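The values are calculated or read from the model by the stated rules, or taken from the named source; none is laboratory data. What you are looking at is a predicted structure, and each value in this text was computed from that prediction instead of being measured. Cβ: placed from backbone, ideal geometry, glycine included. Neighbour counts: every protein chain shown. When the accessible area is computed, the model is the full protein with side chains, heavy atoms only, and any ligands, DNA or RNA have been set aside. Shrake-Rupley method; radii C 1.70, N 1.55, O 1.52, S 1.80 Å.
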Amino acid sequence: PGGNETNQCPGNSSSSVGSSSQGQCICVDGYQGPRGGPCVPCPADTFCTGGNATNCPEHSNSGAQSNDPTDCRCNAGWEGAWGEACTQCAEGYWCPGGNE
């Protein structure tokens, strides 16, 4: 390598300045896959950073291509801060889900 040859990272991935191989291409947030690609959209109920998918906390969900823990929202009947543990809705209350 070197000289005047340049190669673009695979779709939905990027590399830092000075990268010298496709293996240094990392999936952008919201996508998952190995270094060098291919990168696919993060599945629902997870969030993806650095090419890795992490499950949302128990009793919460997220849409596809989520890229931050705060994208995880508690399910109906559960409450909690976005991206944090969810607890059952207290007696005498109702919890629609998706709210802090």
Next item on the list: Select from the range 50-62 the residues that are under 22 Å from P96 (Cα atoms) and surrounded by fewer than 15 Cβ atoms within 10 Å (Cβ to Cβ) and list them in ascending order.
Entry: N55, E58
Notebook entry, point to check: Among (1) part of a strand (DSSP E or B); (2) in contact with a helix residue (DSSP H, G or I) (Cβ under 6 Å, 6 or more places away or on another chain); (3) open to solvent by 70 Å² or more (accessible area, probe 1.4 Å); (4) not charged (D, E, K, R), which single condition is F47 missing?
Noted result: (3)
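Among residues belonging to the range 84-100 that are among the polar types (S, T, N, Q) and at pLDDT 95 or above, point out the one that is most open to solvent (accessible area, probe 1.4 Å).
Just the residues of the range 84-100 that are among the polar types (S, T, N, Q), to begin with: 87-88, 99.
Cutting the leftovers down to at pLDDT 95 or above gives us 87-88.
Values: T87: 79, Q88: 130 Å².
Within the range 84-100, the match that is most open to solvent (accessible area, probe 1.4 Å) is Q88.
Of the residues E79, E58, E84, which is acidic (D, E), on the phi < 0 side of the Ramachandran plot and in contact with a Pro (Cβ under 8 Å, 6 or more places away or on another chain)?
Testing whether each residue is acidic (D, E), on the phi < 0 side of the Ramachandran plot and in contact with a Pro (Cβ under 8 Å, 6 or more places away or on another chain) leaves just E84.
A quick yes/no check of all residues on (1) assigned to a loop (DSSP other than H, G, I, E, B); (2) within 19 Å of G33 (Cα to Cα); (3) of a type in the set (V, I, T):
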site	(1), (2), (3)
N52	no, yes, no
N67	yes, yes, no
T70	no, no, yes
A85	yes, no, no
W94	yes, no, no
Next item on the list: Being in a helix (DSSP H, G or I) and open to solvent by less than 50 Å² (accessible area, probe 1.4 Å) is the filter here, so list the residues in the range 17-42 that pass it.
Entry: G23
Note to self: Looking only at the range 29-56, count every residue that is over 9 Å from the mean Cα position of the chain (by Cα) and over 21 Å from W82 (Cβ atoms) and tell me the total.
What the structure shows: 8
Note to self: Restricting to the range 72-83, give me the number of residues that are assigned to a strand (DSSP E or B), within 24 Å of D29 (Cα to Cα) and open to solvent by less than 60 Å² (accessible area, probe 1.4 Å).
What the structure shows: 1
